[in-house]
1. Accessible area lost on pairing A with B, both sides, 1.4 Å probe, Å² to nearest 100?
2. Tell me whether chain A comes out rounded, prolate or oblate; compute the Cα gyration tensor, take square roots of the eigenvalues as a ≥ b ≥ c, and use a/c under 1.5 as the rounded threshold.
3. Place the peptides A:145-154, A:115-124, B:4-13 in order of packing, highest mean first, counting for every residue the other Cβ atoms within 10 Å and averaging per peptide.
4. Which of A:Leu92, A:Leu25, A:Leu56 moves the most in a Gaussian network model of chain A with Cα springs under 10 Å?
5. How large a share of the accessible area of segment A:3-164, in percent, is made up of carbon and sulfur atoms when the probe is 1.4 Å and the other protein chains stay in place?
6. Report the charge-dipole magnitude of segment A:3-164 in Debye, nearest 20, computed about the Cα centre from +1 at each Lys and Arg Cβ and -1 at each Asp and Glu Cβ.
7. What whole-number value in Å² describes the accessible area per residue of segment A:101-164 for a 1.4 Å probe?
8. Quick one: check the C-alpha center-to-center distance for segment A:144-166 versus segment B:12-29, whole angstrom.
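The values are calculated or read from the model by the stated rules, or taken from the named source; none is laboratory data. Source: prediction; values computed, not measured. Here Cβ is always computed from backbone atoms with ideal geometry, including for glycine, and neighbour counts include all displayed protein chains. Ligands, DNA and RNA are stripped out before the accessible areas are found, and what is left, the full protein with its side chains, is counted by its heavy atoms. Shrake-Rupley method; radii C 1.70, N 1.55, O 1.52, S 1.80 Å.
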Amino acid sequence: MTHEYGLFIVRYLHVLSGVMWIGLLWYFNFVQIPNMPKIPDEQKPAIGKVIAPAALFWFRWGAAFTVLFGLMLAWMNGYIVEAMALGLESKLAGHASIGFGMWFGLIMAFNVWFIIWPNQKVALGIVDGTAEEKAAAARKAMLFSRTNTMLSIPMLYAMVSAQSLYHLS
Amino acid sequence: MSKILSSLPMTITAGIVITICMVLIVDAIGGGSPSMGDVPNPASLMNK
């Protein structure tokens, strides 16, 4: 397998995982959360006990594999250090752009695994908690999910512009 | 901040504002227009 084909496969897997992750992030924020108040109370367990746990499984593993393949891609392309330094050493806009995308992505993945998922486990009753603890956990998970939605806008701009505007491979 | 994040339209607006700020910073680091990016000027390569 040539190096070019290896790069392509890793980029393909990065995009595939990223669509899974960000697709579910936007499902939560654009569909599920705004429509929960419209669902009758007796039907809410269908979302809380079935749909949300399944969606959260693919959501958090999508995040993990997106980061894994993204870091592999940056390493294979030879710009991982320059990108993490936001192009301040190389003075290249392409490194700055992909660097911003990588940092936003890393912050978002951290939020998924270490803030959103632990709080969702409490909110959905996967781990024990009082009614007050569940409400507080649901609120915290929602706010950090919204933070990720906010960051997904510049993150995707940075990722796409690094290739399309700055011609970074 | 939680007030912004509680509203989906406000969240999206904040995301766009961050994007604009990021573009300005990237442009300042790169020191050039996005259309030129990191691609070397062919004329400068011919003169080397």
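1. Approximately 2200 Å², summed over both chains.
2. On the way: a/c = 2.61, a/b = 2.24, b/c = 1.16.
Judged from the Cα gyration tensor, chain A comes out prolate (a/c at least 1.5, a/b above b/c).
3. Details: A:145-154: 23.6, A:115-124: 20.4, B:4-13: 14.8.
Top of the packing list down: A:145-154, A:115-124, B:4-13.
4. A:Leu92
5. 72 percent
6. So the magnitude is around 260 debye.
7. For segment A:101-164, the solvent-accessible area averages 46 Å² per residue.
8. Between the Cα centres of segment A:144-166 and segment B:12-29 lies a distance of 10 Å.
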